[in-house]
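Heads up: the structure comes next, in C-alpha cells.
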Amino acid sequence: MTSPVEIKIEIPGRPYSVWIGAGILERAGEFLPLSERVDVAMLAADETALTLYGERASAGLEATCVRVERESIEGGEAAKTMSRAESLLRRLTAAGAHRRDLLVALGGGATGDLVGFVAATYHRGMPFAQMPTTLLAQVDASIGGKTGVNLPEGKNLVGAYHQPVAVISDVTTLQSLPGGEFSSGLAEVVKHGLIDDADLLSLLQRERAAIFDREPMSLVRLVSQAASIKARIVAADETEQGRRAFLNYGHTLGHALEALGGYSTWRHGEAVAIGMMFAAHLAAGLGFADRVAEHARAVEAAGLPVAGAEAPFESVLRAMGGDKKYHGGIRFVILEDLGRPRLVSDVSTDLVRSAYEKVSA
Ligand SMILES: NC(=O)c1ccc[n+]([C@@H]2O[C@H](COP(=O)([O-])OP(=O)(O)OC[C@H]3O[C@@H](n4cnc5c(N)ncnc54)[C@H](O)[C@@H]3O)[C@@H](O)[C@H]2O)c1
Ligand SMILES: [Zn+2]
C-alpha cells in the first residue's frame with residue numbers, strides 16, 4: 001500500500017490534516033492526533049456507509065479508542081434535522097461520552113454536516129473526525145468546518161463553524177458510489193479547477209477513463225488536488241469574509257435551479273454545472289475573457305450538462321435574489337479568466353437574461 005497524501009489545513013489555532021489514500025479507513029488510528037486514549041468513540045455513520053465500511057472504520061478506531069460505539073444515520077439530506085441532532089446528542093449522553101471523547105462522521109456531506117453540528121454543540125464542543133465516503137464530501141464538504149442542519153424554512157439555516165481534528169478520505173469507498181452521485185461530486189472538482197487551478201482540469205481530462213473506472217491511484221491524485229484547493233481557500237478565510245465566497249462559483253444559479261425544481265429535477269452537481277456555464281457566459285458578456293469553450297470541455301468531461309435549464313427567467317431571477325448570500329443586489333462569482341475569480345454586483349438584468357438564455361433548454 002502506498003502512503004496516503006497529507007494536506008495540512010493551516011487554520012490559525014486549529015490546524016489539522018486531511019489524509020487521502022486507498023485502504024486507510026482500517027488504519028484510522030494512525031491519523032488521529034489524539035494526545036491520550038479516547039474512552040468512547042462514537043462512529044455515527046450513514047446507513048449505507050455503515051453496512052459497507054463500518055467494520056473497517058471501527059477496526060481503525062479500535063487501535064486508539066477504548067470503546068467504539070456505532071450509530072446508524074439515515075442516508076442523505078433527510079438526516080439534517082434538529083430532531084436528528086437531538087437524538088444523536090442523547091445517544092452520546094447514553095454512551096457516557098465526555099468532552100474529550102471522539103465523534104466520527106462516516107458518510108457523505110449530509111452525515112458530516114449533521115455529525116459536525118452535534119460535535120460543535122455537545123458539551124459546548126467535542127473533537128470530531130470526518131471519514132467522507134462521497135466524492136463531494138472528500139473534495140468539498142468535509143473540509144473547512146462548516147456544519148449544520150436544515151429547517152423546514154430552508155437548507156443550512158442552523159449551524160456552527162467547528163473544525164474536525166482530522167479528515168480521513170479513503171478513495172476505495174468511492175467504488176460503491178452510484179454514478180450520478182459520482183458525477184455530482186465531479187462538479188465541485190471542476191469548480192475548484194476553474195476558480196484556482198487549470199492543471200486539475202487537465203488531470204480530469206487526461207485520466208478521465210481511469211477516474212470513471214474509480215481506479216484508486218487516479219482518484220487519490222484527483223481528490224488530493226481538488227481538496228488542496230479547498231484547503232488553501234478555507235485556511236485563508238475560515239468564516240467566509242472574502243475568498244471563501246469564490247467556492248460559491250456556479251452556485252447562485254445552481255441553488256436557484258435546484259430549489260425551483262423542488263430538489264428533484266436536478267442533482268446538486270448538475271445544477272452547479274449549468275450555473276458555471278451561465279457564469280462563463282456572463283463573464284464574456286461583461287467583457288472578461290471568453291472561456292465558455294473551456295468550461296464546456298471540463299463540464300462535459302465530468303459527464304455533466306452544459307445547458308437545459310427550464311425554469312422561466314423571472315422565477316430564476318427571484319430565486320437568485322432570495323439567496324442567503326444576498327447583500328444588496330445579486331452578487332455573482334465570475335472569472336476574469338481561468339483561475340481568476342471575482343465578485344460582481346449590479347449586473348444589468350439584460351445581461352443576466354442573455355446569459356441565462358444560453359443555458360436554457
Ligand atoms: N459543510 C460544507 O462545507 C458543505 C459543502 C458542500 C456541501 N455540503 C452538504 O453536503 C450535503 C451533500 O453531500 P453528498 O453529496 O455527499 O450527499 P449525501 O451525504 O446525501 O450522500 C448521497 C447519497 O450517497 C449515499 N452514500 C454515501 N456514501 C456512499 C458510498 N460510499 N457508497 C454508496 N452510497 C453512498 C448516501 O447514503 C446518500 O444516499 C448537502 O447537505 C450539502 O449541504 C456541505
Ligand atoms: Zn456545491
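Quick notes
- Any hit, the range 231-239, residues being at pLDDT below 95, basic (Lys, Arg) and within 27 Å of Leu25 (Cα to Cα): yes
- Some residue of the range 261-276 being part of a helix (DSSP H, G or I) and either among the aromatic types (Phe, Trp, Tyr) or modelled with pLDDT under 95 (or both): no
- Residue check, Ala78 in the same structural domain as Glu26 (by TED's automatic domain parsing), in a helix (DSSP H, G or I) and open to solvent by 30 Å² or more (accessible area, probe 1.4 Å): yes
- Top-ranked residue of the range 315-329 - restricted to ones that are within 24 Å of the chain's Cα centre (by Cα) and open to solvent by 60 Å² or more (accessible area, probe 1.4 Å), ranked as modelled with the lowest pLDDT: Lys324
- Selection of the range 12-55 for residues being within 16 Å of ligand 1 (Cβ to nearest atom) and without any contact (Cβ under 8 Å) to a residue 40 or more places away in the chain yields Glu26, Glu47, Thr51, Glu55.
- When the criteria are applied in full, Ala283 meets the requirement of being closer than 18 Å to Ser345 by Cα, open to solvent by less than 40 Å² (accessible area, probe 1.4 Å), part of a helix (DSSP H, G or I) and not basic (Lys, Arg).
- Scanning the range 92-105 for residues that are outside any loop (DSSP other than H, G, I, E, B) and open to solvent by 60 Å² or more (accessible area, probe 1.4 Å) yields a total of 2.
- Residue check for Asp46: under 22 Å from Leu114 (Cα atoms) and among the acidic types (Asp, Glu): yes
- Close pairs (8 angstrom Cβ cut-off, 6 or more residues apart or separate chains): farther than 14 Å from Asn150 by Cβ in the range 102-116, within 16 Å of ligand 2 (Cβ to nearest atom) and among the acidic types (Asp, Glu) anywhere: Gly108/Glu181
- Filtering the range 209-260 to residues that are within 13 Å of ligand 2 (Cβ to nearest atom) and not assigned by TED's automatic domain parsing to the domain that holds Ala309 leaves Ala226, Lys230.
- For Tyr249: the one exception among (1) loosely packed, with under 15 Cβ neighbours inside 10 Å; (2) at pLDDT 95 or above: (1)
- Checked across the range 141-160, the condition of being closer than 17 Å to Gly21 by Cα and either open to solvent by less than 30 Å² (accessible area, probe 1.4 Å) or among the polar types (S, T, N, Q) (or both) holds for at least one residue.
The values are calculated or read from the model by the stated rules, or taken from the named source; none is laboratory data. Note that the coordinates shown come from a computational prediction; the quantities given were computed from them, not determined experimentally. We place every Cβ from the backbone using ideal geometry, glycine too, and count neighbours over all the protein chains shown. Surface areas here come from the heavy atoms of the whole protein model, side chains and all, with no ligands, DNA or RNA. Shrake-Rupley method; radii C 1.70, N 1.55, O 1.52, S 1.80 Å.
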